[in-house]
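Written below as structure tokens is the structure these notes are about.
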Amino acid sequence: MDENKRDTMHGTEEMTEQSAVPQTESKEGRETKEPCGDIKEIKAQLDEYKDRCLRAYAEMDNMRKRLARERQDIVKYGTEKLLKDFLLVYDAIEKSIHTAEEMHPEDEQFIQGLRMTEKLFLETLKKHQVEPIEAENMPFDPRYHEAMMQVTEGNMPKGMVVKELEKGFTVHDRLLRPAKVAVSG
């Protein structure tokens with residue numbers, strides 16, 4: 001019986017040592033530590049994962065909004081290159097009017113036809129939110145005007161647009177082409 005007591009006592013000591021650091025044997029026969037139940041560490045990890053998740057959701061939401069804005073801008077301004085090419089046609093019509101007025105002022109019907117074509121062209125551009133920039137007799141604005149030369153005009157204040165050399169245009173709220181102008185100096 002003493003031997004039984006010793007085995008029982010020895011077994012109790014082993015249990016006490018094992019319960020202090022819980023260990024289990026894995027399939028391979030190695031001892032591994034089980035989670036000790038360190039709640040603070042687990043809560044910290046959980047908070048970190050929640051934070052990562054919230055940041056990922058916020059980043060996805062920002063990306064979705066940015067892509068929606070970019071898509072709207074593409075729809076709104078996607079025709080800029082085409083419109084710039086059409087402005088070359090407008091320039092040709094405008095030059096034709098000036099040339100006809102200088103060389104054939106007596107041919108009123110031809111000049112009137114060119115002016116009607118110019119008017120139709122400008123109305124068509126307006127349907128697509130393309131507006132001409134007012135330049136002559138306006139203060140020089142580098143956002144909308146490109147100064148090609150400086151002239152001295154006795155009766156014009158300094159920094160005023162004296163002559164428009166090439167008409168400028170905006171599309172929606174964006175500059176499509178600046179007006180090329182002569183500025184008083």
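Taken together, the values in this text are just the output of simple stated rules run on the coordinates, not laboratory data. Quick caveat, the model's predicted, so the values are computed rather than measured. Note: ideal-geometry Cβ built from the backbone for every residue, glycine included; neighbour counts use all protein chains shown.
Order of Y57, Y90 from fewest to most other C-beta atoms within 10 Å?
Y57, Y90
For Y77 and E146, what does the FRET efficiency come to when R0 = 25 Å and r is the distance between their Cβ atoms, rounded to the nearest 0.05?
0.75
Which one of M60, V130, P178 is farthest out on the positive end of the charge dipole of the range 34-185, using unit charges on Cβ (Lys, Arg +1; Asp, Glu -1) and the Cα centre as origin?
With unit charges placed on the Cβ atoms, the residue in question is M60.
So how long is each side of the range 131-185 along the principal axes, counting just the alpha-carbon atoms, biggest first, in Å?
Here the spans come out as 37, 15, 14 Å, largest first.
From the Cα trace of the range 79-128, what convex hull volume per residue do you get, rounded to a whole Å³?
Considering the Cα atoms of the range 79-128, their hull volume per residue is 50 Å³.
If you build the Cα gyration tensor of the range 39-132 and take the root of 5 times each eigenvalue, what three semi-axes come out, in whole angstrom, biggest first?
Computed over the range 39-132, the values are 63, 9, 6 Å.
Charges at C-beta only: +1 for Lys and Arg, -1 for Asp and Glu. How large is the resulting dipole of the range 111-185 about its Cα centre, in Debye rounded to 20?
Roughly 160 debye, rounded to the nearest 20.
If I stretch the segment between A56 and E153 completely, what's the gain in nm (0.36 nm per residue apart, minus their alpha carbon distance), one decimal?
28.7 nm is the gain from fully extending A56 to E153.
How much FRET efficiency would the formula 1/(1 + (r/R0)^6) give for I39 and M63, where r is the Cβ-Cβ distance and R0 is 41 Å, rounded to 0.05?
That pair, I39 with M63, gives E of 0.70.
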